[in-house]
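Comments concern the structure below.
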Amino acid sequence: MGQIIQYIQSYRHSDLTPGAAGNMFWALVYIMLVFVGLSVAVIAMNWLERKILAHMQVRLGPMRVGPHGLLQPIADAIKLLLKEDIMPAEADALIFWVAPFVVVLAAFTVFVVVPFGPTHAITDMNIGILFMLGVSSLSVLGVVMAGWASNSHYPLIGALRSSAQMVSYEVAMGMAVVSAILMTSLHGLGPYGVSAASSGTGTLSMIGIVQAQNEQHVWFLFKFFPLGFIAFGIFAIAMVAETNRAPFDLPEAESELTAGFHTEYSGLRWSLFMLGEYAAMIAVSSIAVTLWLGGWYRPFANSLTGDTWDLVFSLFPGLIFLGLAAIAFVGVRRMPKHPYFRVQTIGLAGFGAVLGLIGLILFVPPVRDRIQDIFWFVAKVAGFMYLYIWYRATFPRYRFDQLMKVGWKVLLPIGIGVLILTAILGVVL
Amino acid sequence: MTDQNSSLSHLDLETPEKPFLDANELVINMGPQHPATHGVLRVILRLDGEKVLGLECVIGYLHRGVEKIGEHRTYTMFNPYVDRMDYVAAVSNGLGYCETVEKLLNVEAPPRAQYVRVILTELNRIASHQLWLGTHALDIGAITPLFYTFRDREEILKIYEKYCGARLTTHAFRIGGLQYETYAGFEKDVKNFLDFFRPKIDEYEELLTTNRIWVERTKNVGNISAQDCIALGVTGPVLRASGVKWDLRKAQPYANYKSFDFDIPIGQNGDTYDRYLVRMGEMRQSVRIVQQAVNALPEGPIMAKVPKVMKPAVGEVYHSIEAPKGELGYFIVSDGSTQPYRVRVRPPSFVNLQALDVMCRGQLVADVIAVIGTLDIVLGEVDR
Amino acid sequence: MQQAVQPGMQPVATTFFFYLLSGFTLLSGVFVITRKNPVHSALALIFGLLAQAGLYLMLYAPFVAGVQIILYAGGIMVLFLFVIMLVNLERSQREEQFNGQWVVGLLAAIALGGLFVTVYVKGKALFPYRIAQPVENTNTQQIGLMLYGQYMFAFEIASLLLLVAIIGAVVMAKKRI
């Protein structure tokens with residue numbers, strides 16, 4: 001028994017991730033935390049998407065199920081679980097079964113290397129970014145399998161289109177990623193700082209990339225401006241196309257002739273596809289945040305230094321949660337004063353109280369210090385999620401040939417150009 | 001069917017002898033139930049891979065026999081039926097019918113009635129174009145303008161409801177003028193609406209006009225030349241977007257459009273983008289017309305001296321107006337009795353739909369939906 | 001950032017994982033050649049390639065493992081699946097499998113197997129007992145240095161070859177639109 005406790009305690013003084021330290025217990029704990037956190041994030045994304053989309057469209061979104069529709073995702077989940085499980089008559093049963101799981105598996109496995117902090121990752125492979133790109137490309141297989149297993153002409157064409165789109169934009173993503181990796185091998189102060197010749201030891205590990213940004217005192221977004229910005233822009237566009245979201249969602253649009261690959265899926269299987277899609281969105285946003293936006297570092301980590309600034313920025317998590325609690329209480333005040341709404345009012349007040357409590361806990365110094373890295377990382381990823389929803393509300397859809405044209409004839413040449421220029425600047429400067 | 005001397009022979013339209021199917025072609029049916037066909041329209045597409053070789057529209061799913069009904073109703077009783085044809089722009093349908101019968105009876109609506117008619121008809125033009133914009137953008141994938149346009153359209157429908165009690169099938173006009181006097185606060189409501197609406201057109205344009213995805217989806221999609229338009233009998237914004245400056249409000253003025261000052265937006269290329277710009281321009285011009293009309297609204301009677309039992313003299317008359325969708329014409333033959341002998345409606349959507357084949361040739365399948373949207377058809381009018 | 005071999009980074013249960021992964025590879029190989037449905041064969045091949053990536057990891061070559069997943073399993077096999085799904089295969093499935101030459105096939109397989117066994121037995125002295133363990137954390141850098149330093153010419157020729165193949169494919173498949 002003492003040995004087990006010793007084993008658990010031994011990790012607490014290490015400065016490595018559990019995987020790197022070889023500590024199975026903590027690795028499992030982190031895996032469970034990431035899994036639960038991701039599931040909660042997907043549920044929250046579902047609610048947020050419907051509400052934000054609705055508010056952008058001058059309407060309210062779900063308001064009935066729970067106060068302000070907060071319980072809507074749960075109602076949707078229950079509905080999907082209780083739906084009839086239809087399998088097309090001549091469908092290939094094994095592949096039909098496996099396809100959603102492949103998509104979800106690929107999307108969730110990516111999170112093994114996502115760094116929420118310097119030691120807050122499940123593991124830190126030295127091929128971290130390569131692993132992420134590779135595993136997320138396995139979800140293409142799931143899409144193809146789903147289209148094939150439906151044994152119907154239109155889902156097959158939709159699946160092939162969807163996977164062709166994903167594969168094409170992976171190339172553009174790769175170019176942008178390589179530009180960012182190139183920047184990790186440079187050492188210098190500031191974007192155009194004069195330095196000795198670059199040390200040449202770049203890294204593919206996710207934690208290493210973020211630490212390189214810290215050492216170089218600049219987020220790769222602003223490095224060699226505008227090159228880092230353009231590379232980030234290419235990745236930001238390619239990642240939207242990669243996850244089949246608007247404006248690149250022709251393969252799954254309802255008003256088009258060819259149906260999407262998930263047409264024949266109903267109930268729980270369909271919800272697995274949606275789960276995989278949201279998880280993939282969060283995964284590629286994590287890549288973008290890690291590579292260009294400085295990962296878990298707070299804004300102005302190198303220009304506004306010092307204890308006071310650290311304190312100011314460390315108050316953000318608590319303040320944000322208190323702000324959310326305030327919004328919830330404003331909503332409570334505006335609830336109709338009618339007996340039918342009593343339960344909802346109490347529910348919303350309780351929700352606001354929970355948020356406020358979390359905010360207060362986040363002010364306590366030990367928690368405050370530990371939560372910093374995770375908070376900033378999650379905040380940046382949340383910004384990307386908002387962008388995703390904003391794109392969906394604003395843009396019309398690209399036609400399929402225009403979509404492929406953008407991927408191959410616009411993004412790829414610009415990506416190669418940025419790569420070459422980054423390499424030249426990295427050697428010269 | 002193809003007249004060798006007609007200007008359309010270069011298009012090689014279908015003749016009954018030519019087979020519709022070919023060995024390498026794929027025939028796809030966009031069934032009567034489809035989210036993007038704006039009603040019960042069936043389109044049979046002949047494809048070669050992704051390219052459209054030709055298409056055939058099968059209509060009649062909404063045929064209700066309106067023209068036949070017209071032969072068994074008196075002129076006044078038939079008035080509510082015309083609203084149901086183009087149910088989106090019911091007020092202008094009513095205007096066309098009432099003016100045609102007034103022409104038959106040789107009466108003229110009093111000035112106040114004409115001003116109110118113009119106000120309500122132009123508001124209806126705005127409402128119809130708003131619905132068109134919302135659904136057209138939705139088909140192309142922009143899901144937000146739908147909600148904005150419907151929200152703003154509500155204000156117009158509120159005015160209609162206050163005036164005549166109905167939002168959609170308004171039956172607003174009567175033969176000889178109006179039945180209801182404008183309610184107290186009508187002018188204030190209309191002026192408030194205009195002030196409310198002017199920045200909204202800019203809002204719609206901001207979302208779409210310079211959006212590169214929108215431009216790529218609509219430029220050079222569904223081109224039709226002016227020559228083809230005239231040969232097919234296409235009217236309305238489709239004709240004007242191809243460069244032909246023909247608007248019945250200016251060319252053959254009716255009601256009292258002569259006393260208003262407005263422009264006619266023209267396009268150049270005859271593609272979907274030009275049709276979009278033309279309709280946006282028309283919304284602005286309608287606002288201008290309504291502003292002038294409501295500023296100059298005279299006092300006076302609202303109904304002309306029309307016999308209670310209408311028995312027009314034997315004869316026939318054709319009168320057409322510029323409905324939001326094109327030239328809406330009524331041909332009424334009277335045999336001297338209280339019921340018309342024949343009421344023939346020339347619906348703009350029906351004639352415009354014939355241009356769908358020409359516009360879709362050589363386009364990709366994904367564009368067919370955009371072209372159907374840009375034609376702005378209403379199946380109630382196509383089928384009657 | 002430095003992932004030198006730390007106390008916690010010793011490989012775990014090497015033998016077990018080796019047998020497991022190579023068992024998966026063999027099993028998937030058997031499935032590839034025995035399944036009737038070509039899509040099943042392709043999926044079994046993907047599974048085998050992923051197991052092989054695991055074997056590369058065991059050989060301290062993480063970069064090769066990552067590239068195996070990205071390119072082989074995630075790119076090439078997807079293209080395989082495209083072709084299989086686009087070509088109408090139901091007809092060929094219903095046809096009788098041509099296996100009248102199974103005797104010759106068996107003899108050839110036995111001969112090849114015997115060759116392998118002979119080579120192994122006779123040349124056991126040539127195989128080192130343990131190969132030099134590459135440094136894991138600089139695997140990518142080492143490959144990069146070799147590829148762009150020593151083997152630059154071969155790399156350029158290979159990429160030129162691929163370019164020619166792409167252009168040829170585009171030219172052959174290009175029709176109207």
| note | Using alpha carbon positions and the Kirkwood radius, the Rg to Rh ratio of segment C:11-88 is 1.04
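Taking Cα pairs under 8 Å and at least six residues apart, what relative contact order does chain B come out at, in percent?
It rounds to 25 percent for chain B.
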| message | Could you compute how much accessible area chains A and B hide from each other, both sides summed, with a 1.4 Å probe? Nearest 100 Å² is fine. | response | 2300
| Can you list the residues, at least 5 places off or on another chain, whose amide H is less than 5 Å from the amide H of A:Ser266, using H built in the peptide plane? | A:Ile86
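For segment B:157-272, give the percent of accessible area contributed by carbon and sulfur heavy atoms, probe 1.4 Å, rounded to a whole number. The partial results should precede the final answer.
On the way: 2420 of 5000 Å².
Here carbon and sulfur together make up 48 percent of the probe-accessible area.
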| field | Whole-Hz couplings from phi, Karplus 6.51/-1.76/1.60, listed for segment A:372-380; x for Gly and Pro | value | 3, 4, 4, 4, 5, 4, 5, 5, 5
| request: Along each of the three principal axes of the Cα atoms of chain B, give the extent in whole Å, ordering the values from largest to smallest. | output: 67, 49, 35
| query | Hey, can you list the residues from segment B:136-184 whose accessible area shrinks by 50 Å² or more with all protein chains present, relative to the chain by itself (probe 1.4 Å, no ligands or nucleic acids)? | reply | B:Ile143, B:Thr144, B:Phe147
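Provide the three semi-axes, in whole Å and in decreasing order, of the ellipsoid equivalent to segment C:137-177 as defined by the square roots of 5 times the Cα gyration tensor eigenvalues.
Values: eigenvalues 220, 27, 4 Å².
Values for segment C:137-177, descending: 33, 12, 5 Å.
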| field | Within 10 Å of each Cβ in C:70-79, the average number of Cβ atoms from other chains | value | 6
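Please give the calculated 222 nm ellipticity per residue for chain B, where each DSSP H segment of at least 4 residues contributes -39500 (n - 2.57) and the sum is spread over every residue; nearest 500 deg cm²/dmol?
Values: 15 runs with 179 residues, N = 384.
Rounded to the nearest 500, the figure is -14500 deg cm²/dmol.
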| field | Integer Hz, Karplus 6.51/-1.76/1.60 couplings in order for segment B:338-355, x for Gly and Pro | value | 6, 10, x, 6, 8, 10, 10, 9, 9, x, x, 5, 4, 6, 5, 5, 5, 6
| How much mean residue ellipticity at 222 nm does chain A get from its helices, if each DSSP H run of length 4 or more adds -39500 (n - 2.57) and you divide by all residues, to the nearest 500 deg cm²/dmol? | -21500 deg cm²/dmol
| request: Using the structure shown, list the pairs from A:Lys405/B:Lys219; B:Lys200/B:Lys325; B:Lys188/B:Lys308 with a Cα-Cα distance above 25 Å, or answer none. | output: B:Lys188/B:Lys308
| Roughly how many percent of the accessible protein surface of segment C:11-88 is carbon and sulfur, given a 1.4 Å probe and a whole-percent answer? | 80
| query | Pick from A:Ala149, A:Ala326, A:Ala27: which residue has the top mean-square fluctuation in a GNM of chain A where Cα pairs under 10 Å get a spring? | reply | A:Ala326
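Enter the accessible area per residue of the protein assembly as shown (Å², integer; probe 1.4 Å; all protein chains in place). List each step's numbers first, then the result.
Working: 47160 Å² over 990 residues.
Computed with neighbouring chains in place, this is 48 Å² per residue.
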| Cα-based reach from B:Lys158 at 12 Å (exclusive), listing aspartates and glutamates while leaving out same-chain residues under 8 positions away | B:Asp189
| request: Whenever you get a sec, compute what percent of the accessible area on chain A sits on carbon and sulfur atoms (1.4 Å probe). | output: 73
| query | What number, in percent, do you get for the relative contact order of chain A if the mean sequence gap of Cα pairs under 8 Å and at least 6 apart is divided by its residue count? | reply | 21
| query | Taking only the alpha-carbon positions of segment B:80-132 and ignoring solvent, what does the Debye formula give for the base-10 log of I(q)/I(0) at q = 0.13, 0.30, 0.32 Å⁻¹? | reply | -0.33, -1.14, -1.18
| Selection of GluC sites (Glu not before Pro), segment A:245-340, meeting DSSP coil and at most 13 other Cβ within 10 Å | A:Glu254
| field | Contact order relative to length of segment B:89-205, as percent, for alpha carbon pairs under 8 angstrom and 6 or more apart | value | 32
| request: Show the residues, 5+ positions off or on another chain, whose built amide H is closer than 5 Å to the amide H of B:Glu316. | output: B:Ser334
| said: Cut-off under 23 Å on the C-alpha distance; same-chain residues fewer than 8 positions from A:Lys380 excluded. Which lysines are left, in chain and number order? | reply: A:Lys51, A:Lys223
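Give the residue list of GluC sites (Glu not before Pro) in segment B:295-328 that are DSSP loop and have at most 16 other beta-carbon atoms within 10 angstrom.
Numbers: sites: B:Glu299, B:Glu316, B:Glu322, B:Glu327; in loops: B:Glu299.
Sparse-neighbourhood loop GluC sites (Glu not before Pro): B:Glu299.
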| message | Using the Karplus curve 6.51 cos²θ - 1.76 cosθ + 1.60 with θ = phi - 60°, what ³J(HN,Hα) values do you get for each residue of segment C:47-58, in whole Hz, with x for Gly and Pro? | response | 4, x, 5, 5, 4, 5, 4, x, 5, 4, 4, 5
| Set of aspartates and glutamates with alpha-carbon distance to B:Lys311 below 18 Å, sequence-local pairs under 8 removed | B:Glu71, B:Glu99, B:Glu102, B:Glu108, B:Asp335
| message | From the alpha carbon gyration tensor of segment B:25-174, can you work out the equivalent ellipsoid semi-axes (sqrt of 5 times each eigenvalue) and give them in Å, largest to smallest? | response | 34, 22, 12
| note | The answer for B:Arg174, listing residues at least 5 apart or on another chain whose modeled amide H is closer than 5 Å to its amide H, is B:Gln179
| query | In square nanometres, what is one fourth of the surface area of the convex hull spanned by the alpha carbons of the protein assembly as shown? | reply | 53.8
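Buried accessible area between C and A (1.4 Å probe, both chains summed, ligands and nucleic acids excluded), in Å² to the nearest 100? Show your work: numbers first, answer last.
Details: alone 14800 and 21420 Å², together 33710 Å².
That pair of chains buries around 2500 Å² in total.
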| note | Among B:Thr218, B:Thr272, B:Thr209, the residue with the largest mean-square fluctuation in a Gaussian network model of chain B built from Cα contacts under 10 Å is B:Thr209
| Expressed in whole Å with the largest first, what are the equivalent ellipsoid semi-axes of chain A derived from the C-alpha gyration tensor as the square root of 5 times each eigenvalue? | 34, 31, 23
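The values are calculated or read from the model by the stated rules, or taken from the named source; none is laboratory data. All values derive from a computational prediction rather than experimental measurement. Reconstructed Cβ throughout: ideal geometry from the backbone, glycine too, with neighbour counts over all protein chains shown. Side chains included, ligands, DNA and RNA excluded: accessible areas come from the protein's heavy atoms. Shrake-Rupley method; radii C 1.70, N 1.55, O 1.52, S 1.80 Å.
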